[in-house]
1. Looking at A:GLN134, is it among the polar types (S, T, N, Q) and either closer than 24 Å to B:ASP274 by Cα or touching a strand residue (DSSP E or B) at 6+ places or on another chain (Cβ under 7 Å) (or both)?
2. On the basis of being open to solvent by less than 10 Å² (accessible area, probe 1.4 Å), more than 7 Å from chain A (Cβ to nearest Cβ), out of contact with any Gly (no Cβ under 8 Å at 6 or more places or on another chain) and under 24 Å from B:LEU12 (Cα atoms), does B:ALA243 make the cut?
3. Restricting to the range A:34-48, count the residues that are in contact with a Leu (Cβ under 7 Å, 6 or more places away or on another chain) and of a type in the set (D, E, K, R).
4. Please indicate, with yes or no, whether at least one residue in the range A:212-220 is under 24 Å from A:LEU273 (Cβ atoms) and either of a type in the set (D, E, K, R) or open to solvent by 50 Å² or more (accessible area, probe 1.4 Å) (or both).
5. If you scan the range B:282-312, which residues turn out to be more than 10 Å from chain A (Cβ to nearest Cβ), open to solvent by 10 Å² or more (accessible area, probe 1.4 Å) and not aromatic (Phe, Trp, Tyr)?
6. B:THR171 passes all but one of (1) under 19 Å from B:SER151 (Cβ atoms); (2) part of a loop (DSSP other than H, G, I, E, B); (3) in contact with a His (Cβ under 9 Å, 6 or more places away or on another chain); which number fails?
7. Hey, A:LYS76 hits all of (1) among the charged types (D, E, K, R); (2) under 24 Å from B:LEU325 (Cα atoms); (3) within 18 Å of the chain's Cα centre (by Cα) but one; which does it fall short on?
8. With the checklist (1) within 30 Å of A:TYR132 (Cβ to Cβ); (2) touching a helix residue (DSSP H, G or I) at 6+ places or on another chain (Cβ under 9 Å) in hand, flag the one item A:ARG183 doesn't pass.
2 protein chains.
Amino acid sequence: MIRIGIAGYGNLGRGVECALASSKDMELVGVFTRRDPSSLKTLTGAKVFSMEDAEKMTEDIDVMILCGGSANDLPKQTVEMAKLYNVVDSFDTHAKIPQHFAAVDASAKESGKVAVISAGWDPGMFSLNRLYGQAVLPNGHDYTFWGKGVSQGHSDAIRRIDGAQDARQYTIPVEAALESVRRGEDPELTTREKHLRECFVVAKEGADKAAIEKAIVTMPNYFADYDTTVHFISQEELDRDHAGIPHGGIVFRTGTTGLQNEHRHLIEYKLTLDSNPEFTSSVLVAFARAAYRMNLEGMCGCKTVFDIAPAYLHPESGETLRATLL
Amino acid sequence: MIRIGIAGYGNLGRGVECALASSKDMELVGVFTRRDPSSLKTLTGAKVFSMEDAEKMTEDIDVMILCGGSANDLPKQTVEMAKLYNVVDSFDTHAKIPQHFAAVDASAKESGKVAVISAGWDPGMFSLNRLYGQAVLPNGHDYTFWGKGVSQGHSDAIRRIDGAQDARQYTIPVEAALESVRRGEDPELTTREKHLRECFVVAKEGADKAAIEKAIVTMPNYFADYDTTVHFISQEELDRDHAGIPHGGIVFRTGTTGLQNEHRHLIEYKLTLDSNPEFTSSVLVAFARAAYRMNLEGMCGCKTVFDIAPAYLHPESGETLRATLL
């Protein structure tokens, strides 16, 4: 059994806890938190430890799955934890991945551990499909669409507007853009042509809804470059109809082959996810298995999904995989 | 530059020749054939050698891409060539992969070369998606659908019928089955419920078309278990409208997460290919790059797509991949 620790117990940590229950070759040793451990009750009754105890449990845990946030937690936490454990994180600030990689790599090489960063669906499964697509069809174009799904960052941005009480924002791919890609037109798409934004907003009592709507649709970076629709609803409606955290999207690779590029090909990888954090957690757990096995074979340092042979992710042996899945 | 040889010059060999023209880090040294080399003219003017010359050119070629057939060529050829070269093949007789792997592995371990087998789209890219899907969503179901596309084996089977002059058979997924999977119904599907077979047949002059049709739709293994439609057309129509070799298909993974399995997820990987052999060739070329690089790092033995870290397939460095694709 591969012994797992979970560092951080938000949506992602709870998702990992659930995913481990479906993994026959892994067991959860405990959850590590910066809160008072006695204040935290886990879904499965898993033990709770203080984050400070992590350094004392290196004999008990094979892989620590880091479930903190990319903005404030992981840049330090992954580097620190990789000194003690094989680790996996879902660091998703794309622009900062190179510097995160460098810092974690130095730490994991020193400790002789394997540290997998940026394992989730984007970065993660989507990245894999961008890479495989380019490798197989070098003459072509990439497209990544997100949604339909909830963007936590955009929902938060709305909540910060004066008069807004609560909000849920959905990112939605523009159907005409998807169809153009599928038809092989290799379109050049602006930000506005790729995605719509749909917002469900609860206004505080007496708030100026027109002002809130204007503040949303003109907000730079978040909304101004998109066609955005705003619906005002009650808190009850928001809680009842928009409680889930669905997400997903599509990675396309289009490309041509043949001496005159006369043959077209389309690769489409599509995710439709009821729960964004639980799917991300499931990816983290599979890569935790890989981290453990690679370290057993003597590997160390920082790895991404690009550096990991797929067989390491699956509980079955290479022999069984060849006989049943190849 | 990675120096490539092509062994066998049918559709697949020509496809590799074209694909190499799109690979900036690879060059084609020549084509090896069992025919009289002087009788063979290549698409790009590449040199042609006799298959017997292969053993003399180990200093000139880094990877030999094997483009023979799975039934008669590859079981011997891959084993023999792996004694001399890093090799890649597209061996696609799924049931015989374990024994092919064992024979090639022994050969490649002795020579210290890397031999990649069963690289194409099924086995190949589809296998990868089956593996990733199971690893990430262990509570779930797999579905592989093929088509719409030409099945060479089924077309050949029709041509062998008395009175049939020529034929082209399309395998087509049943739309209702695809929709049921997408709706998350986890259907149990019979052979008949998954795929249709559509046949375009040229009858010889004076042949009994009703007898041909009956021979097709009742043919065991090939057609009897399917809903099959037969269209009689002229040779001109067949040549004009059915000259291409399109194919494709979909690998689905459905699965649930959450403590009560309350969240559903759907992964859909879809290929739409104008040219089955040219896409397969493109996959072979990407895995040839991997074979060369892995051997440079000291690896040897038989590998499948499951054993190869994705980064080996892409011409760019790990650093560039992390910065641009992750």
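1. Values: among the polar types (S, T, N, Q): yes; either closer than 24 Å to B:ASP274 by Cα or touching a strand residue (DSSP E or B) at 6+ places or on another chain (Cβ under 7 Å) (or both): yes.
The answer is yes for A:GLN134.
2. The answer is no for B:ALA243.
3. The number of residues fulfilling the criteria is 0.
4. Within the range A:212-220, none of the residues are under 24 Å from A:LEU273 (Cβ atoms) and either of a type in the set (D, E, K, R) or open to solvent by 50 Å² or more (accessible area, probe 1.4 Å) (or both).
5. Within the range B:282-312, B:ARG293, B:ASN295, B:LEU296, B:GLU297, B:GLY298, B:MET299, B:CYS300 meet the criteria.
6. (2)
7. A:LYS76 satisfies every listed condition except (3).
8. Exception for A:ARG183: condition (2).
The values are calculated or read from the model by the stated rules, or taken from the named source; none is laboratory data. The structure presented is a predicted model; accordingly, all values stated were derived computationally and were not measured. Every residue, glycine among them, receives a Cβ derived from its backbone with ideal geometry; neighbour counts consider all protein chains shown. With ligands, DNA and RNA removed, areas are computed over all heavy atoms of the protein, side chains included. Shrake-Rupley method; radii C 1.70, N 1.55, O 1.52, S 1.80 Å.
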